[in-house]
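One structure is given below, encoded as structure tokens.
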Amino acid sequence: MSNKKGRTGAVRKKGLGKGVGSGGQGRQALEGRGPTPRAEDREYHPAAKAKAARERYEAAKARHQGGAGGGGGRGSNTRKTDESELVTGRNAVLEALRTKIPATTLYIAARIEMDDRMREIMRIATNRGVAVLEVMRQELDRMTDRDTVHQGVVLKVPPMEYAHPMDLLEDTLDRGETPLFVALDGVTDPRNLGAIIRSVGAFGGQGVIVPQRRTASLNSASWKTSAGAAARIPVARASNLTQTLKELKKQGLFVVGLDGDGDVSLPGLDLAGRPLVIVVGSEGKGLSRLVTETCDAIVSIPISAVTESLNAGIAASVALYEVSKLRAAEAAESAAAE
């Protein structure tokens, strides 16, 4: 009689209980452990690290804002209810700190590469008592606009203040300077505004005038494009641009509009040495009808036939350069005559 109990591979079944395989012992091994934890609750998972970084950022922000509005838990909605602006980029942040623009918080990306600009930014911010927070780079990405290159540094400043056009004129005359302003008519891209502010500063202008509605505003994009010039060149806001231009004309300023179909050519502009307002229209629609009728002259910039038009920022820069060059030549002639 053979011994079946000792036969290799023989299995004696004792009932209908669990068998060997994934449906038996596997379920028994998992019994009592509960559901699988979420990714953000697993200590070493990237999602958990991101969650911890968000919590640290919200806690720090609540401390430095005095817990306004309940502090944490609001995430990116803070910018929607807070009128403060964010200045981004190393050049813009450094210029804002150098010119002592009021600032509340400086955000620095963790493990940022330090160069001369960053060292000066840290030094000025520390000396002025500006709160410095080190945050993850992803947090800076979330705080700023999607197309903004923050270079690992963001400065939070109070809402930008606008001057009054007549105050802008009065301050310029008090300094004994010949007014040279740029007014924007329908320019809605803040980067164009920033570029124009930068050009005004580069070519001896004293300010920019924008209408109250349907125009670009001073924000982080315009600040960055201006490369910090927005800290030195005032921007005035006009409740009605046409009426403001008429008032400036009464004060002795000449108003010239830029348009490709203008009947006066920019090179050698006779009005360059006079108190001047250069009006720049939008790239698509150009100058509005009422503004066009208010201008003393409509000036065109000669360009090659292969290019249909120049954008607002470039057109303003070219016009300001030409006026600056003509004024310098006139000043040199006057000095030689004396």
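Brief remarks on what is shown
- When residues of the stretch 174-200 are limited to those that are within 24 Å of Gln212 (Cα to Cα) and over 20 Å from the mean Cα position of the chain (by Cα), the one surrounded by the fewest Cβ atoms within 10 Å (Cβ to Cβ): Pro179
- Residue check, Leu169 in a helix (DSSP H, G or I), without any contact (Cβ under 8 Å) to a residue 60 or more places away in the chain and among the aliphatic types (A, V, I, L, M): no
- Wholly within the stretch 85-164, helices (runs of 4 or more DSSP H) carrying at least 1 residues that are in contact with a helix residue (DSSP H, G or I) (Cβ under 9 Å, 6 or more places away or on another chain), over 13 Å from Ala231 (Cα atoms) and among the polar types (S, T, N, Q): 137-143
- For the stretch 118-138, the tally of residues that are on the phi < 0 side of the Ramachandran plot and surrounded by fewer than 16 Cβ atoms within 10 Å (Cβ to Cβ) stands at 10.
- Some residue of the stretch 237-249 being crowded, with 17+ Cβ neighbours inside 10 Å and within 16 Å of Ala316 (Cα to Cα): no
- Of all residues in the stretch 99-136 being of a type outside the set (S, T, N, Q) and in contact with a His (Cβ under 9 Å, 6 or more places away or on another chain), the one that is nearest to Thr88 (Cα to Cα): Tyr107
- Scanning the stretch 182-197 finds no residues that are in contact with a Phe, Trp or Tyr (Cβ under 9 Å, 6 or more places away or on another chain) and at pLDDT 95 or above.
- Meets criteria (at pLDDT 90 or above and of a type in the set (A, V, I, L, M, F, W, C)) for Ile209: yes
- Of the residues examined, Ala103 is not one that is assigned by TED's automatic domain parsing to the domain that holds Val153, in contact with a Phe, Trp or Tyr (Cβ under 8 Å, 6 or more places away or on another chain) and either crowded, with 21+ Cβ neighbours inside 10 Å or closer than 18 Å to Ser222 by Cβ (or both).
- Residue match in the stretch 199-219 (condition: in contact with a strand residue (DSSP E or B) (Cβ under 8 Å, 6 or more places away or on another chain), β-branched (Val, Ile, Thr), more than 17 Å from Ser288 (Cβ to Cβ) and not assigned by TED's automatic domain parsing to the domain that holds Ala92): yes
The values are calculated or read from the model by the stated rules, or taken from the named source; none is laboratory data. If you're wondering where the values come from, they're calculated on a predicted model, not measured in any experiment. Virtual Cβ from ideal backbone geometry, glycine too; neighbours counted across all protein chains shown.
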